[in-house]
Amino acid sequence: YFKANDNSLLNQPIKEMSKLTQSILSAIDYKKCAKIRRENFNVLNNKLGTSNKFSFSNDAVPMVYPFWSSKIGLKAKLIKNKIYTPTYWNCVLENCNSKHVENKLVNEVVYLPIDQRYNIEDMNLILNSI
């Protein structure tokens, strides 16, 4: 069904959003959301940056804080503490062995939540769990 639906969209002209979708999206304060995401990201990066295998230097509006550490079982511990961390690119595991960097990005990087629903207290709870 997914493929059939996907194929039905091929070569379609660009269409408009519904009035309802436009109304919902117009109610979002995007600048405020971006500010909160950056603040949450910076709280985590200030504490975890020195132990993160990634380093960050731009002022983008992040979706998550990718934390690549040597801590075995960190994701399971966070989930046990009711901190949701998504798994991206699960299909990579079928195509890459454990030596490939893509496999490490799936298995070793924990994508910490930082979106606008969270505040500094929430970031501190995450840090305490780590």
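The values are calculated or read from the model by the stated rules, or taken from the named source; none is laboratory data. Computed from a predicted model, the values in this text were never measured in an experiment. No Cβ is skipped: glycine too gets one built from the backbone with ideal geometry, and neighbour counts run over all protein chains shown. To get the accessible areas, we keep the full protein, side chains included, count just its heavy atoms, and leave off ligands, DNA and RNA. Shrake-Rupley method; radii C 1.70, N 1.55, O 1.52, S 1.80 Å.
A few notes on this one:
- Residues in segment 29-49 that are more than 15 Å from Met123 (Cα to Cα), open to solvent by 70 Å² or more (accessible area, probe 1.4 Å) and not hydroxyl-bearing (Ser, Thr, Tyr): Asp29, Lys31, Lys32.
- Filter result for Ile79 (modelled with pLDDT of 90 or more and open to solvent by less than 70 Å² (accessible area, probe 1.4 Å)): no
- Exclusive hit being modelled with pLDDT of 90 or more and open to solvent by 90 Å² or more (accessible area, probe 1.4 Å), set Tyr65, Tyr1: Tyr1
- Qualifying residue in segment 48-66 (condition: acidic (Asp, Glu), assigned to a helix (DSSP H, G or I) and closer than 27 Å to Lys31 by Cβ): no
- Looking across segment 4-27 at every residue that is open to solvent by 70 Å² or more (accessible area, probe 1.4 Å), among the aliphatic types (A, V, I, L, M) and at pLDDT 95 or above, the one that is farthest from Val109 (Cα to Cα) is identified as Leu20.
- Residues (over 12 Å from Lys75 (Cβ atoms), outside any loop (DSSP other than H, G, I, E, B) and free of Cβ contacts under 8 Å to residues at least 40 places away in the same chain) located in segment 89-130: Val92, Leu93, Glu94, Asn95, Val101, Glu102, Asn103, Lys104, Leu105, Glu121, Asn128
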